[in-house]
Amino acid sequence: MKITAARVIVCSPGRNFVTLLIETDQGVTGIGDATLNGRELSVASYLADHVIPNLIGRDPRNSEDMWQFLYRGAYWRRGPVTMSAISAVDTALWDIKAKLAGMPLYQLLGGKSRERVLVYGHANGNTLEETVDAVGQYIDMGYKAIRAQSGIPGIAKAYGVARGTLYYEPADAALPTETVWDTPKYLRFVPKLFERLRETYGDEPELLHDVHHRLTPNEAAQLGKSLEPYRLFWMEDATPAENQQAFRLIRERTTTPLAVGEIFNTIWDCKELIENQLIDYIRTTVLRAGGITHLRRIADFAALYQVRTGSHGATDLSPVTMGAALHFDTWVPNFGIQEYMRHSEETDAVFPHDYRFEAGHLYCGESPGHGVTIDEKLAAKYPYKPAQLPIARLEDGTLWNW
Ligand code: KDG
Ligand code: MG
């Protein structure tokens, strides 16, 4: 069996997506997501110029060898562009393999470990009151776990606050929007928000919060401690994780559970965090961390240390990633939770899929493969639009972590 052709489809049905489609001599095709928010064309070019010529003529069933070829064989290892491209190839090959077997992808991984996948949605508002109301709306929609982000008095354009109500899309301009950051204001405000959320909705809903890399380890420890009475499911990306040992300081000072990993590319980015039990949830994804093949390796390693999965699932990960992630989540023994930010109707129409939401959970479909396809004719109606992520500066102008 051979790969006969592959192509990259770039489209923008509400936001930009890069999709790899692989064709075989047996008529079976597979797709993978290669979207890297704000840097989409770099991955598209890496795939078209450097990866696709290497795919033609190879046996698509040898996904492990293909992974090793693209990772080791490139000499230049890791990095978001390379790893997003490898992820797309790997996801497409698993899609093909499962279609050849006539099975939903989770069956090839080891079958079902659970019937349904717990997801968390994104509630947000410009003020504390609006955010409290938004969490209530998510509870009414059936969500059992909700991330709460709020505008903060005195901080213009806080992270995670939507322009519409259901959809949060940070990549909002061709050149980065500038936002302002102020740590003391943030640290004073956030515990008040979660105090109000527990007062209003009681103990039951799982509540999550994304710090989005803004704090130092000591500040993160302070925040974690101040949130302990409100029993968060997790505090995410409390500090940047290039220095994995930085999490030791946070870990030693608070019992608030810690999640990290949406920007990690390989097991090497989280090895120390996991083996030293510095985190509770690893947020690596099918898309960013080398596809099913590598994500499985990370999850198995994490299981040894009782670290559970909590894959990134923002809107810049296409429905193709969501479909593959749900098969992974249905199988993975040490599953924690799956992020689920709803895609727009235009996006859903371009990527027909068989997963569905019900009562706070997503269910993966039963069709062979990962259950997501692309309508290429419709995709062609939405050409690429340059859009980058914002940046953050302190009030004195110093560039900060967005
Ligand atoms: O492209 C960046 C987004 O995916 C990111 O800002 C979303 O932090 C995020 C999250 O937790 O969903
Ligand atoms: Mg995040």
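The values are calculated or read from the model by the stated rules, or taken from the named source; none is laboratory data. Computed from a prediction, not measured in an experiment: that's the story for all the values here. Don't worry about glycine lacking a Cβ; one is built from the backbone with ideal geometry, like all the others, and counts go over all protein chains shown. Heavy atoms of the whole protein, side chains included, go into the accessibility calculation; ligands, DNA and RNA do not. Shrake-Rupley method; radii C 1.70, N 1.55, O 1.52, S 1.80 Å.
From Arg288, Arg296, grab the single residue that is touching a Ser or Thr at 6+ places or on another chain (Cβ under 9 Å) and open to solvent by 10 Å² or more (accessible area, probe 1.4 Å).
Checking each option against the conditions leaves just Arg288.
What do you reckon, is Pro170 within 16 Å of ligand 1 (Cβ to nearest atom), buried (at least 16 other Cβ atoms within 10 Å of the Cβ) and either more than 26 Å from Met235 (Cβ to Cβ) or at pLDDT below 95 (or both)?
yes
Please specify each residue of the range 359-402 satisfying the condition of being touching a residue at least 40 places away in the same chain (Cβ under 8 Å), part of a strand (DSSP E or B) and open to solvent by 70 Å² or more (accessible area, probe 1.4 Å).
If the condition is that a residue be touching a residue at least 40 places away in the same chain (Cβ under 8 Å), part of a strand (DSSP E or B) and open to solvent by 70 Å² or more (accessible area, probe 1.4 Å), then Arg393, Trp400 are the ones that fit.
Limited to the range 199-230, what total is found for residues that are without any contact (Cβ under 8 Å) to a residue 40 or more places away in the chain and touching a strand residue (DSSP E or B) at 6+ places or on another chain (Cβ under 8 Å)?
6
Listed here are the residues, each with its yes/no results for (1) open to solvent by 10 Å² or more (accessible area, probe 1.4 Å); (2) in contact with a Lys or Arg (Cβ under 9 Å, 6 or more places away or on another chain); (3) at pLDDT 95 or above.
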| residue | (1), (2), (3) |
| --- | --- |
| Ala34 | no, no, yes |
| Glu40 | no, no, yes |
| Asp49 | yes, no, yes |
| Leu55 | no, no, yes |
| Arg61 | yes, yes, yes |
| Trp94 | yes, no, yes |
| Gly102 | yes, no, yes |
| Tyr106 | no, yes, yes |
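Based on what the data block shows, is Glu242 touching a residue at least 12 places away in the same chain (Cβ under 8 Å) and among the acidic types (Asp, Glu)?
no
Can you give me the number of residues within the range 228-266 that are in contact with a Phe, Trp or Tyr (Cβ under 6 Å, 6 or more places away or on another chain) and away from ligand 1 (no atom under 16 Å from the Cβ)?
Residues flagged as in contact with a Phe, Trp or Tyr (Cβ under 6 Å, 6 or more places away or on another chain) and away from ligand 1 (no atom under 16 Å from the Cβ) within the range 228-266 amount to 1.
Answer yes or no as to whether Arg356 is outside the structural domain of Tyr120 (by TED's automatic domain parsing), more than 16 Å from the chain's Cα centre (by Cα) and basic (Lys, Arg).
So Arg356 fails the test.
For the range 108-123, which positions are surrounded by fewer than 21 Cβ atoms within 10 Å (Cβ to Cβ) and farther than 30 Å from Gly27 by Cβ?
The answer is Ser113, Arg114, Glu115, Arg116, Leu118.
Of everything in the range 316-351 that's hydroxyl-bearing (Ser, Thr, Tyr) and part of a helix (DSSP H, G or I), which residue is surrounded by the most Cβ atoms within 10 Å (Cβ to Cβ)?
Thr321
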